[in-house]
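Just so you know, all these numbers are worked out from the coordinates, no wet-lab data involved. Values in this document were obtained by computation on a predicted structure and should not be read as measured data. Quick reminder, even Gly has a Cβ in these numbers, built from the backbone with ideal geometry, and neighbours come from all protein chains shown.
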DNA sequence: ATGAAAGCGCTAACAA
DNA sequence: TTGTTAGCGCTTTCAT
């Protein structure tokens, strides 16, 4: 039963509703003894402020919307959790929207969410900048893992870790390295590819680019044949899912990892740890990502200035890669 | 800008606010020509009803709360998506709460959610019935994948599929089958174990029970040694994650799957399809689960009677199991 | 430090 | 079919 209101409490104590309201929203404005009584009976009655009434009065809902492109992609659940936990710490709840496979619907989803929340956290690697910006316009928002002109963002930058991975393979004696590119429309994919290309310029190892791929498991599996054909002995996959596909594909062709070929993924999703051998990959500080995202959004909502934040991914070496040297 | 209200529209058209309100909530009560005008200017002004005002007035928020124990467990993301999609179809949004590793907090999460939603969808395999029931009391709720005295539920029953899996292994010539039990406190775990035990009673294959385990990947991996020691050549794991662990553990010990040992998991999570060889498992109709859950909750909220719904899992044979015969 | 009163945007009788 | 009038529960001036 959600029956207790500030009025029932007020009546019970012979004070006014405003006092009860203040006891919660501006505790400093209420005499200690009174406040204690109020809190006590609130407790006893199981009172919880009605967020909608509060929202109506203040214009703040205590809700943020989180848009993810595909919650089924193992990269996102940890992100969702991190955000939700960070939000809970600020007494705000998270309205989740999953774009599903058809990213087409994202602007519509944003439209639906925006009316009910204080602000939006948007992870949308594929939708066009223009469409995204138009959909977001007028709503406090911060973008996750993507830079979008004029909007605050928090991203994890894997450039250094990826280059380190490439260098590590080169140091291990690999002369030809295959880069499996992610979706052409993906912001992260182009960043990652760029990082590796930049590395290759200063290296005497040879870079072979394959793709772009949709970045599904089967894409990686299929690509194995091309990798083998290319003669590359080291592979940098756009993400872990593709990397695991490559592992499977390599096994299909009887190639041993890491003896014949080394593989490195990106994101360090659950899969990376459950595959055999465990996948070398680039790990992102997801909890930090969540904290920063929520905090940045809070600032935007409050009208404060926000700086874009950039977190660093780090190389995690596991079983799909041989010792350097 | 979320500035347009029913009043701005009313004023603009020279009608009353109630008429505008009706145009949206009870369209049939408004003359066609007028409604069209209203809808048109609403459109033009970018009007969206304020859900909080509406919630205050009606007591309905258009929000449902979804509690999952661990969104990082690959079983849940598809469930979340299914529920969210089903909800979107009814113009309701989903407030997500993730209990995280420490399921302890679930009653607290429920407490936090209940005040802001029309009803709760609860997936909580581990929390005690008593605690759960107390936390839920007074809030419309339906329980997912668990039966809870007095509360409506929608569950997927894997009994038949599991027995079929066991029988399949027996038919393939396996004389000794290991059952890796899930967490003792898990409702699903006890159901699954029971199914297999019941099957064993009528079979002349021998059943070896191992566990209970926490059902993490490493539990399965570790259990591989015991499986080998037991002499079992077929294994039924509580879930896919453990099954994949078993696969890894068996590989550690140089055993071939499915040549030496057959393995069957349960749930058909993404992992099952990306492991090599692909895991034979039991597949649940998740989208249906979501639809039924949302619909059942809608009924509870509306005060209508609801029947518990039981969906059937089905056996999916893949590479970790040999042809019968 | 506290109370009175207005108002947030919407819905729901009740009248007309 | 439409308008009037009260609220829904809370916050927030403005007085006191």
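Things worth noting here:
- Rg(Cα)/(2.2 N^0.38 Å) for segment A:157-284, N = residue count: 0.92
- Between 0 and 90 degrees, the angle of helix B:286-301 with respect to the longest Cα principal axis of chain B falls at about 50 degrees.
- Classified by the C-alpha gyration tensor, segment B:64-175 has a prolate form. Its axis ratio a/c, with a ≥ b ≥ c, is 1.5 or above, and a/b is larger than b/c.
- Solvent-free Debye scattering, log10 I(q)/I(0), computed from the Cα coordinates of segment B:224-269 at q = 0.17, 0.33 Å⁻¹: -0.39, -1.33
- Ranked by how many other Cβ atoms sit within 10 Å of their own Cβ, fewest first, the residues A:274, B:72 fall in the order B:72, A:274.
- For residue A:108, the label point sits 7 Å beyond Cα toward Cβ; its separations from the matching points on the remaining copies run 3.9 nm, from shortest to longest.
- Remark: spin-label model distance residue A:40-residue A:314 equals 5.1 nm, labels positioned 7 Å along the Cα→Cβ axis.
- A crude spin-label estimate for the pair residue B:278 and residue B:190, with each label 7 Å from Cα along the Cβ direction, gives 3.5 nm.
- Based on every Cα atom in segment B:6-58, Rg and the maximum pairwise Cα distance Dmax equal 10.4, 30 Å.
- Taking only Cα atoms of the protein assembly as shown, radius of gyration then Dmax in Å: 27.4, 84
- All alpha carbon pair distances within chain B were sorted into 10 Å bins beginning at 0; the resulting P(r) in whole percents reads 6, 23, 25, 18, 13, 7, 6, 2, 0.
- Copies compared at residue B:11 - label distances in nm, ascending, label defined 7 Å from Cα in the Cβ direction: 3.6
- With a Förster radius of 25 Å applied to the C-beta separation of residue A:31 and residue A:57, the computed FRET efficiency comes to 0.60.
- Virtual spin-label span in nm between residue A:149 and residue A:133, 7 Å along Cα→Cβ: 0.4 nm
- The order of B:111, A:36, going from fewest to most other C-beta atoms within 10 Å of their C-beta, is A:36, B:111.
- Highest-MSF residue in chain A out of A:243, A:86, A:229 [GNM, Cα springs under 10 Å]: A:229
- Euclidean distance of C-alpha centroids, segment B:43-102 and segment A:238-294, integer Å: 32 Å
- Where only C-alpha atoms are counted, convex hull volume of segment B:227-319 per residue in Å³: 101 Å³
- Going from the fewest other Cβ atoms within 10 Å to the most, the residues B:148, A:315, B:241 appear in the order B:148, A:315, B:241.
- Label-point spacing at residue A:222 relative to the other copies reads 4.1 nm, in ascending order, each point sitting 7 Å out from Cα along Cα→Cβ.
- Helix A:76-88 and the longest principal axis of the C-alpha atoms of chain A enclose an angle of approximately 30°.
- Relative to the longest principal axis of the Cα atoms of chain A, the long axis of helix A:217-230 makes an angle of roughly 30 degrees.
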